[in-house]
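Structure provided below as structure tokens; questions to follow.
The values are calculated or read from the model by the stated rules, or taken from the named source; none is laboratory data. These figures come from a predicted structure and were not determined experimentally. Backbone-built Cβ (ideal geometry, glycine too); neighbour counts: all protein chains shown.
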Amino acid sequence: MPLSFLAGAFAIAGAIGASIPLIIHLLNRERARRLIFSTVRFIQMSHQTNVQRHKLKRLLLLLMRILMLILLGLAFARPFFAQDITTTPELGGVRNAVIILDTSYSMQYEEIFDNAKKEAIKRLDSLDSADAVALILSADKVQKVLPIDSEHQHIRTAIENAELTNYTTDYLDAIQTADEILKSISVGQKQIYLVADLQKSGWENFLTADRLGPDVDIEFIDVSKEQPDNRAITTINVPPVILLEQKNTELVARVHNFSTERVENLPVSLFIDNKKVEMSQLDIEPNDSSDVVFNVKIDLQTESAHTGWIEIESDALEIDNRHYFTVQSMKSIKVHCVNGESNRNDIYDETFFLTRALKNTGTDGAPIDYTESTTFPSDNAIKQYDVLILANVSSISATEADRLKTYVNDGGGLIITVGDQVDSDVYQQQLGEAENPLLPCTLTQATGDAIGKETFQVIASVDYRHPIFMPFSNPNHGDFAKGRFYRFYQSAPVSDATVLASFDDGNPAIVEKIYGNGRVLCYTSSIDREWNDLPIHGVYLPFLHETIKYLALKQAGQIPDYRVGDGIEYSGSQESAGKEVAVFDPDRKESRFKLNEQGNLFYENSENPGIYSIHKSDEKPQYFAVNVDTVESDLTPRNPEELTSMLIGNTETDRTPTELTDKVIKKYEEDVERNQSLSTYLLLAVFALAITEMFLANRI
């Protein structure tokens with residue numbers, strides 16, 4: 001390897017400077033003088049040896065001074081030895097490495113995380129002290145990065161102190177972060193070390209665009225166990241609200257066997273309010289699931305929230321052996337209807353069919369406490385109702401409109417049905433003309449003939465994914481197309497509303513809008529038989545019940561639990577804006593927060609699975625269940641060779657050398673010179689020569 005210089009001018013200057021001591025020596029050399037003595041025999045004998053020694057010392061001093069100047073020039077010239085960069089660009093400079101350590105919850109299996117930390121430290125120790133290294137502690141939603149210029153000791157300390165998380169795996173995001181770090185480096189070997197269990201779930205979102213840069217290599221350090229044995233509770237099905245007193249509630253849990261051996265008599269236990277209430281046993285085939293059904297009886301003497309979990313027998317990965325849930329007990333749903341067309345003759349009364357559908361629910365229906373009036377309820381009275389129905393109410397005052405908006409915003413459910421008494425202009429003025437209108441749609445004009453009934457429309461389109469219509473999605477579970485609608489209001493949904501059902505001419509039949517913490521449904525025809533004959537069909541009663549349940553039980557359309565890392569939404573009222581609430585995590589650690597201007601809170605610190613509770617003065621606490629994402633429970637790994645081919649390719653055409661621009665070459669030479677540090681050794685030699693020169697000069 002040839003010797004090169006970063007600053008060759010200093011080497012030339014050093015060579016020129018080396019001649020200065022020689023010139024000074026020649027100019028100051030003593031010339032011999034001739035003296036006549038009678039005899040010089042005794043002088044020669046006494047001084048011959050001293051003169052020769054003196055000459056030798058002066059010659060050594062001269063050579064040392066010349067050498068010091070030469071070495072000083074070479075040191076400032078920054079010399080280095082390197083191969084030709086055009087043939088071996090990857091050999092130049094320091095190595096640049098990024099160590100990725102998987103901290104997802106699958107690494108809790110047995111002792112593999114301790115093994116992973118040992119492997120990470122082993123890769124760190126294999127690097128030279130001058131090599132650059134970065135560290136990424138990776139899991140989904142959490143990523144800690146120590147930059148590329150970190151000290152090796154800092155990296156070691158971070159690895160030794162690394163802790164596991166309860167999140168899933170996200171290898172691709174960590175690898176892309178490492179690739180971005182290495183892109184900023186112009187030249188030198190670029191290496192990624194991924195220390196993980198390489199489970200399949202971490203690679204499902206791979207795209208071709210995720211491949212590494214052409215000059216980046218990756219090494220997979222697989223710390224997974226052969227044939228891991230794990231079982232997990234993957235899902236549960238429990239109603240968020242229980243309505244009937246002393247009624248058995250069916251709770252279904254699905255347990256998956258992520259192993260190659262059959263599981264027999266696996267104990268599965270149900271806990272409610274911290275008490276074990278029932279236990280069952282399961283047999284599960286390899287890599288298969290099985291369901292366990294619990295018939296739970298919850299005492300509903302008082303309306304309250306209940307918490308619980310389902311638990312299976314411990315195994316090597318315990319975090320997915322428990323699944324938490326919450327359930328709300330409720331004696332009845334309080335529904336109040338404002339009748340806009342009351343009539344002594346029941347058959348012509350606007351709420352004749354509605355009253356009979358909601359008052360007599362039988363033993364299988366939801367218990368509904370139904371009341372009715374012809375006037376709007378007062379401010380205090382409206383707060384006690386879960387659902388309010390406006391049935392063909394002619395007009396609404398500004399005060400009543402404000403009362404409705406506050407009621408829905410605070411979490412109430414509102415149903416608006418139209419008819420021949422409705423003044424659409426007043427509705428639009430009071431409920432529709434605002435930046436955030438309460439009315440889900442703009443009522444334009446009533447169309448159709450409700451008297452002659454010669455033409456009609458039918459409900460042709462229904463969103464069966466919606467909780468109201470989901471029970472009707474299977475065949476023979478109710479056909480909405482049987483109802484004939486002779487008259488209805490043509491309407492257009494507002495921007496943030498959703499059409500749940502529409503007629504065959506495309507006009508909306510039912511429109512929904514979320515308003516604050518509540519919901520509003522607008523039914524664009526009458527609720528009685530005056531404009532349609534739906535009340536005489538079998539689908540009418542269950543449709544009303546599902547609608548009432550959906551509006552009253554706000555959780556009915558939501559997943560009853562959160563995943564670790566999800567934000568927990570607490571919905572209060574505007575009256576509680578700015579007030580303080582206390583949040584307790586599963587370890588009963590308390591945090592305090594102030595509600596925002598809408599009286600809501602978004603809690604983001606759900607790092608652990610379990611039950612979280614939010615407490616506010618003079619109110620019952622609200623409970624939220626947080627569980628791990630069991631996609632991480634499948635511990636099956638991917639093949640490292642397959643992953644290498646996927647990320648960097650397996651042919652020569654997949655790998656291209658770094659483009660050798662002047663900037664790259666200069667950076668290469670600087671890295672080599674810095675790594676070899678020849679200048680430092682030369683300066684040390686100059687210092688040693690200077691000390692020696694001073695010692696000899698004082699002895700002459």
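Tell me, which strands (runs of 3 or more DSSP E) lie completely within segment 474-537 with 1 or more residues that are β-branched (Val, Ile, Thr)?
Here the list reads 497-503, 508-515, 518-523.
Okay, next question. Considering every residue within segment 539-559, establish whether at least one is among the charged types (D, E, K, R) and either assigned to a loop (DSSP other than H, G, I, E, B) or farther than 30 Å from Asn392 by Cα (or both).
no
So, in segment 158-171, of the ones that are at pLDDT 90 or above and not polar (S, T, N, Q), which residue ends up farthest from the chain's Cα centre (by Cα)?
Glu160
In segment 286-301, is there at least one residue being without any contact (Cβ under 8 Å) to a residue 40 or more places away in the chain, among the hydrophobic types (A, V, I, L, M, F, W, C), over 30 Å from Val539 (Cα atoms) and part of a strand (DSSP E or B)?
no
Have a look at Leu266, Leu212 and point out the one that is buried (at least 18 other Cβ atoms within 10 Å of the Cβ), touching a strand residue (DSSP E or B) at 6+ places or on another chain (Cβ under 7 Å) and in a strand (DSSP E or B).
One residue alone meets the criteria, Leu266.
Now for a different question. Restrict the check to segment 416-429 and report whether at least one residue is aromatic (Phe, Trp, Tyr), crowded, with 18+ Cβ neighbours inside 10 Å and over 41 Å from the mean Cα position of the chain (by Cα).
Yes, that holds for at least one residue.
What number of residues within segment 372-410 satisfy the criterion of being touching a helix residue (DSSP H, G or I) at 6+ places or on another chain (Cβ under 9 Å), within 18 Å of Arg519 (Cβ to Cβ) and either of a type outside the set (Lys, Arg) or not assigned by TED's automatic domain parsing to the domain that holds Arg519 (or both)?
14
Same structure, new question: When the residues of segment 463-508 are filtered to those that are touching a Phe, Trp or Tyr at 6+ places or on another chain (Cβ under 9 Å) and of a type in the set (Lys, Arg), which remaining residue is surrounded by the most Cβ atoms within 10 Å (Cβ to Cβ)?
Arg487
I want to confirm something. Restricting to segment 103-160 and keeping residues that are among the small types (Gly, Ala, Ser) and part of a helix (DSSP H, G or I), which single residue is surrounded by the fewest Cβ atoms within 10 Å (Cβ to Cβ)?
Top of the filtered list is Ala158.
Could I ask something else about it? Scan segment 433-463 for residues that are within 38 Å of the chain's Cα centre (by Cα) and modelled with pLDDT under 90 and jot them down.
Hits for segment 433-463 are Ala434, Glu435, Asn436.
With the checklist (1) farther than 30 Å from Ser677 by Cα; (2) among the small types (Gly, Ala, Ser); (3) touching a strand residue (DSSP E or B) at 6+ places or on another chain (Cβ under 6 Å) in hand, flag the one item Gly188 doesn't pass.
(1)
If you check every pair at least six apart or on different chains, which have Cβ atoms under 7 Å apart with a residue in segment 265-278 that is without any contact (Cβ under 8 Å) to a residue 24 or more places away in the chain first and a residue that is small (Gly, Ala, Ser) second?
From segment 265-278, the pairs are Lys276/Ser269.
In the same structural domain as Val418 (by TED's automatic domain parsing), touching a residue at least 24 places away in the same chain (Cβ under 8 Å), out of contact with any Leu (no Cβ under 9 Å at 6 or more places or on another chain) and more than 20 Å from Ala357 (Cα to Cα), is that true of Asn532?
no
For segment 96-143, how many residues meet the condition of being out of contact with any Lys or Arg (no Cβ under 8 Å at 6 or more places or on another chain) and either within 15 Å of Ile185 (Cβ to Cβ) or assigned by TED's automatic domain parsing to the domain that holds Asp315 (or both)?
Residues meeting the conditions: 3.
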